[in-house]
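One structure below.
Just so it is clear, none of the values below were taken in a lab; they were calculated from the coordinates. This one's a predicted model, so the numbers in the text were calculated from it and none came from an experiment. Backbone-built Cβ (ideal geometry, glycine too); neighbour counts: all protein chains shown.
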Amino acid sequence: MPESKQKGHDLDVNNIIIHQVTKEAHKDKIVLKTADKILEISKREIFFISDIKRSFANSGKTYGVFEEQSAFTTFQNLLLKYREKNINFLDFTLGLMDFYKSVLPIQATGSFLVFSEYANLANHDDYLLVLAINNKDSYFFTDDLTLRETQSVDLSKIDVASLINLSQWQNFKNGDENINTYLSFKSGLKDLSKYFLKFIGCENKTTKTEGSKRLVKAINDFFDHKEYESDFREEKLEEIKAYCQRCERQGDGASLHNIAMLIDKESPDEFMNFANDEKYSVNPFISIDTQVIKLLTRTLYKSKNKDLILEFDNDLINRKIFLDESNSIIIKDVPDELIKQIQRHI
């Protein structure tokens, strides 16, 4: 049997610190309780971040970028100062806590804020995690077989959090036009999410066309991954296309959950987690570009002139058939028989 990997084996946690926002009962006063140093990194801290990362990986994230023009640019400015080594991690988070306090409404409740910087050893990218969470009332059994009340943190139910891919953000700032998102956001509490978004300065700039392209790619890759039979695949793609077109006609966004239910109503989370991964960055609700969604189902492309005849299904585009910058067509996974025929003429 292969040796099981230890939790957190794919993480290199560089910094972690925890601050707290408290709210006095029956008083409109918000008080900060801040740490005076970052935590020592042990297995406990690595396991903690690993558990948060696992919970964050589940479906339901919204992707976006930092707002370009906003009155709330403090988060990004402080992050720039830290990345340029003008301030240390402690001062960076203390500055963020002051800003967080300034955007909190009077009716806000207290919470713990966790800040952590880590490297993902699987994709070699650096990340900044910002998590707001509270203790939850719970129970545990004692040695004398009685119940006792306690408080604990339920990492399976994140209140609100943001994960910033620092490597992608840097590449985006350097002009990489292939990067559309580098910031993901997850919320379980709607009231908290409003001012947390303001705190982070997150903006969803996904266009209808871009969002639909991500959805189509995620669906095609998922079906390839599952190795669905051709007839089943075509039937499901027709259902998804019809649903998306219906949403567009009604002026609604298509629900990722509803699409996942069309694919497999017994296990919808499998596709939702797949599509919501950072690789595809499909948002929970997608504005539909019908011209892109049409590419889900097969359309036969034909082109003919005196020298050349081309004929292929559109679902091969960007999977086996590619168009490069010089408008040359690249065909991958060419059948062996065709290769042999061409080789005989070379």
Next item on the list: Could I have the simple spin-label model distance between residue 232 and residue 43, label points 7 Å from Cα toward Cβ, reported in nm to one decimal?
Entry: 4.1
Note to self: Can you tally the net charge around residue 32? Count Lys and Arg as +1, Asp and Glu as -1, for every other residue whose Cβ sits under 9 Å from the Cβ of residue 32.
What the structure shows: +1
Next item on the list: Count the net charge of all other residues whose Cβ sits under 9 Å from the Cβ of residue 184, scoring Lys and Arg as +1 and Asp and Glu as -1.
Entry: +1
Next item on the list: Round to the nearest 0.05 the FRET efficiency obtained for residue 318 and residue 5 when R0 = 51 Å and r is the Cβ-Cβ distance.
Entry: 0.95
Margin query: When only alpha-carbon atoms are used, what values of Rg and Dmax, in angstrom, describe the stretch 231-305?
Written below: 13.7, 49
Margin query: Run the simple label-point estimate for residue 80 and residue 267 please: 7 Å along Cα→C-beta, distance reported in nm.
Written below: 4.7
Notebook entry, point to check: What number, in nm² with one decimal, is the all-direction average of the projected area of the convex hull of the alpha-carbon atoms of the stretch 219-346?
Noted result: 10.5
Notebook entry, point to check: What length, rounded to one decimal in nm, is gained on full extension from residue 344 through to residue 33, with 0.36 nm per residue of separation minus their alpha-carbon distance?
Noted result: 104.3 nm
Note to self: For the pair residue 24/residue 257, report the inter-label distance in nm, with labels modelled 7 Å from Cα in the Cβ direction.
What the structure shows: 4.1
